[in-house]
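Remarks on the structure that follows.
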Amino acid sequence: MTQLGSITNNHLSITCKTCRSHRMLAVKPLIDRLGWETRLQDIVPKLRCSACKSKGYIELQIVYVSGSGEALLGAGDKKPENETGWKSG
Ligand SMILES: [Zn+2]
């Protein structure tokens, strides 16, 4: 089952089955609120349509968004992971 933590850079395409209104939702803010272990099917009942107020009656699709700003900013500027001093073993 899909956890939010495995699709952090993606968006969710949400379509209301009642009124067909559609919107995109970034996954990252959801992780901040609900935790990365939250599964997709767990958040469906929590989602409410802003147009017709029906709750949990939506179609949900994972959408990969390419060309995010982070990919451009992050290149060549990464710090080594062992800089924290923590080592295993
Ligand atoms: Zn609706």
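Just so you know, all these numbers are worked out from the coordinates, no wet-lab data involved. As the structure is a computational prediction, the values presented were derived from the model and not from experiment. Heads up, the Cβs are rebuilt from the backbone with ideal geometry, glycines too, and the neighbour counts pull from every protein chain shown.
Odds and ends about this structure:
- In this structure, the amide hydrogen of Thr38, modeled 1.01 Å from its nitrogen in the peptide plane, lies closer than 5 angstrom to those of Leu4, Gly5, counting only residues at least 5 positions away or on a different chain.
- Evaluated at q = 0.12, 0.14 Å⁻¹: base-10 log I(q)/I(0), Debye formula over Cα of segment 4-66: -0.27, -0.37
- Amide hydrogen proximity for Leu12: with H placed 1.01 Å from N in the peptide plane, the residues at 5 or more positions away or on another chain lying under 5 Å are Leu25, Ala26, Val27, Val63.
- Unit charges on C-beta of K, R, D, E only; dipole of segment 4-66, Debye: 320 debye
- Calculated FRET value between Cys19 and Gln61, using beta carbons and R₀ = 25 Å, to 0.05: 0.90
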